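See below for the structure under consideration.
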Amino acid sequence: MIAGRRLITVATSMAIVLTLAAGRRAGADPALSLRATVTGLPADSKAGASTAGAFTITVSRWSTDTERAPLLAALSAPAPKRAPPPAAPPAAGGRAAGRGRGEPPPPPSPFARLSAAIKAAPTLGYIWTDGVTGYSIKYAWRSLAAEEQARIVLVTDRRLDSHAPHWAPASAPASDADFTVIEMRLDAQGAGEGKTSLTTAVAIDTAANTLALDGYAAAPALLKVTR
């Protein structure tokens, strides 16, 4: 009986090893694990000064072309025009009835559509703070490995400042974007910087076919990234 159990255990272990080996041969991406520290805030931040904080970033896999498509389409499509309200029938006495009661709600903005697409996307990893706050990664893209400096774009399903409102600059316009785009530049050792959509507009990099930050070079760096 014991010998039989040992055979089952050995067979199971061999099956796991073969499965992992097959995944590596098929080109499965390894998990990405990074440590990011908040090193600075914009001068007009609601905090008025730098506030330390740390994140652990873990990506289990990268978004496929099919998974990225709905998010890119949501942001690139123009906002639908609002249809004019139907004419109100005349009220008693010949005067027009009050306007506004039957008006349809305004169409969703590109950011609102993108927020919905992000929430519907599969979870590809997590970002954890030193406390108990966590964020699901719904979009994960990286540049080609052959490039000298790695470029990584992650999107969370919530705003990173949801637990730290002072991170957002006081001069930032109100936004209905319920997510955060994080773009990083990393060297061969996995160290570098990260910038976010908390202070920078979101755009589509058509050449790379990915979500990105608009004007990355001029954007303020928020995160210092290490392995």
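Read-outs: derived from the displayed coordinates by stated rules, not from any lab. Keep in mind that this is a model prediction, so the values were computed, not measured. Neighbour counts are summed over all protein chains in view; Cβ atoms, including those assigned to glycine, are modelled from backbone coordinates with ideal geometry.
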_Per-residue counts of other Cβ atoms within 10 Å, averaged by peptide: what ranking do you get for 71-77, 136-142, highest first?_
136-142, 71-77
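Just order 202-209, 124-131, 189-196 by mean Cβ neighbour count inside 10 Å, highest at the front, would you?
So the order, starting with the most tightly packed, is 189-196, 124-131, 202-209.
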*Kindly write out, for the stretch 133-138 in residue order, the coupling ³J(HN,Hα) from the Karplus curve 6.51 cos²θ - 1.76 cosθ + 1.60 (θ = phi - 60°), rounded to whole Hz, with x marking Gly and Pro.*
7, x, 9, 7, 8, 10
_If packing is taken as the average number of other Cβ atoms within 10 Å across a peptide's residues, how do 107-114, 179-186 rank, most packed first?_
179-186, 107-114
*Taking 7 Å along the Cα-to-C-beta vector as the label spot, tell me the residue 133-residue 65 distance in nanometres, rounded to one decimal.*
3.8 nm
